[in-house]
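Novice: Mind looking over this structure? Questions follow.
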Amino acid sequence: MKKFLLYLIRFSLFLVGIAFLIQFILGLVISGKSLNEVDNLEQTSNINATLVFLGSSRCWVQFDTSFFDSTFNQNSANIGVDGHSELAMATLRLKDYLSRNKPPKFVILSFDPLMNGDSETMNENLIHKDAFARYSFFPTEKNTPFVTYFKFNTAEKYIPLYSIFKYKLLDDCVKSIGAKKYDPSASHLVDRKWDTLHNPITMDQKKYYFKSDKINAVTKALSDLNKICIQNNCKLMCVQTPVYKVIYEKTTFERTQLICQKLNIPFLDLSRENFKDDINLFYSPTHLNKYGVSKMNLFLKDNAQLNAFFKN
C-alpha cells in the first residue's frame, strides 16, 4: 500500500511538472502577441506614446491613431477595452500602461452616459474574461489588478493549464505560432454599414445610461482618473462621440459635460446633428463606422478646442 501511494505521489508530481512545462511553453509562444487584440497588456510596453486613448469599444473603433499622429504630430496608442464602459477599467488600463511606459503628454477618454462609475471590487462585467485568462496563472504584480477585476478564482490562478482549458485558449495559443507581434499603433476602424435587418434600430441602449443617482459615483471615478493624470503630468480631455439619434437624449448627454465642468476637465461633445442624424455613419446605435470616423476626423482637424488642447 505504501509503495502504491508513493508511486501515485510520484506520478501526480510528474503530471503536475508536465503541466507546468506546457504552461511555460505556451507562455513563451504567445509572448509579444495578442490572441484577440483585447489581451494586449504586456504588448503595450515601451511604446512611450505621447497620446493615449482610453475607454470602451467606442474608443477602440472610433479613435483613429493614424489620424491623430499625422494631424496633431503625435505618437498615439489606443488602449480602449472592448465591452467595458467601466471607468474602473479605464483607470486600471492607464495605471498598467504607466507602469510599462513613460507618461504620455495627453490622455483622451471616451466619456458618455454609457460609462459606469462602479469601483473595481464592485465590477460584475466579465465580458472578455476569457481573453484576460492568459494573465490569471501566477499573475505578475502588474497583471494582478486585472485578475482581481475579472474575479479569477484560486484554481484558475494556481493550477497549471486550468485557465487555458477552461476558457478554451489552447487553440488560440497554437494558432499564434508564427503570427505577427501585436501592433499597438494600429487603428481598428470598422468598414461596414449598419445591417438593420440583423441589428434592428431600437432604443435598448438607453437602459444602460447612468441614472441621476449614479452621478456622484461617476464623478468620483472620473476624478480619480484625473488625479492619476495630474500626478503624471498628463493632460486629460473627455470626448463624447456621437450616437444615433434614436438613443440620443439631450438632458442625459448634458450630464457628462456638467461632470467635466465640475472637475475642470476639458470636454468635447461630438453629439451633433450632422453626425447623429445620418444612419450611414454608423454600424450600430453607439458606434461609428469607418466612413463616420472619417467625417468625425474632418471636424476634429479644424476644431479650435482640440487644437488648443494639443498646443497649450
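Novice: Within the range 55-74, can one find any residue that is touching a Lys or Arg at 6+ places or on another chain (Cβ under 9 Å), within 30 Å of Gly178 (Cβ to Cβ), surrounded by fewer than 18 Cβ atoms within 10 Å (Cβ to Cβ) and modelled with pLDDT of 95 or more?
Specialist: no
Novice: Any chance the range 138-153 includes a residue that's over 28 Å from Val16 (Cα atoms) and touching a residue at least 60 places away in the same chain (Cβ under 8 Å)?
Specialist: No, there is no match, as no residue in the range 138-153 is over 28 Å from Val16 (Cα atoms) and touching a residue at least 60 places away in the same chain (Cβ under 8 Å).
Novice: Give the residues of the range 29-58 that are among the hydrophobic types (A, V, I, L, M, F, W, C) and within 21 Å of Lys166 (Cβ to Cβ), sorted by residue number.
Specialist: Val29, Ile30, Leu35, Val38, Leu41
Novice: I've got another one for you. How many of the residues in the range 267-289 are closer than 16 Å to Tyr209 by Cβ and in a loop (DSSP other than H, G, I, E, B)?
Specialist: 3
Novice: In addition: Go through (1) surrounded by fewer than 24 Cβ atoms within 10 Å (Cβ to Cβ); (2) in a helix (DSSP H, G or I); (3) touching a residue at least 60 places away in the same chain (Cβ under 8 Å) and name the single condition Ile47 misses.
Specialist: It fails just one condition, (2).
Novice: Still on this structure: Pull up the range 104-154, narrow it to residues that are open to solvent by less than 60 Å² (accessible area, probe 1.4 Å), among the hydroxyl-bearing types (Ser, Thr, Tyr) and within 22 Å of Ala217 (Cβ to Cβ), then point me to the one that is modelled with the lowest pLDDT.
Specialist: Ser119
Novice: Output the residue which, of all residues in the range 159-177 that are of a type in the set (Lys, Arg) and modelled with pLDDT of 90 or more, is most open to solvent (accessible area, probe 1.4 Å).
Specialist: Step one: filter the range 159-177 for residues of a type in the set (Lys, Arg), giving 166, 168, 175.
Narrowing the set further to residues that are modelled with pLDDT of 90 or more leaves 166, 168.
Values: Lys166: 92, Lys168: 163 Å².
Among those that are of a type in the set (Lys, Arg) and modelled with pLDDT of 90 or more, it is Lys168.
Novice: While we're on this one: Can you spot a residue in the range 158-165 that is more than 30 Å from Pro139 (Cα to Cα) and under 23 Å from the mean Cα position of the chain (by Cα)? Let's see the steps before the verdict.
Specialist: Residues of the range 158-165 more than 30 Å from Pro139 (Cα to Cα): none.
Within the range 158-165, not a single residue is more than 30 Å from Pro139 (Cα to Cα) and under 23 Å from the mean Cα position of the chain (by Cα).
The values are calculated or read from the model by the stated rules, or taken from the named source; none is laboratory data. Note that the coordinates shown come from a computational prediction; the quantities given were computed from them, not determined experimentally. With ideal geometry, Cβ positions are generated from the backbone for all residues, glycine too; neighbour counts draw on all protein chains shown. Calculation scope for accessible area: heavy atoms of the full protein, side chains included, ligands and nucleic acids excluded. Shrake-Rupley method; radii C 1.70, N 1.55, O 1.52, S 1.80 Å.
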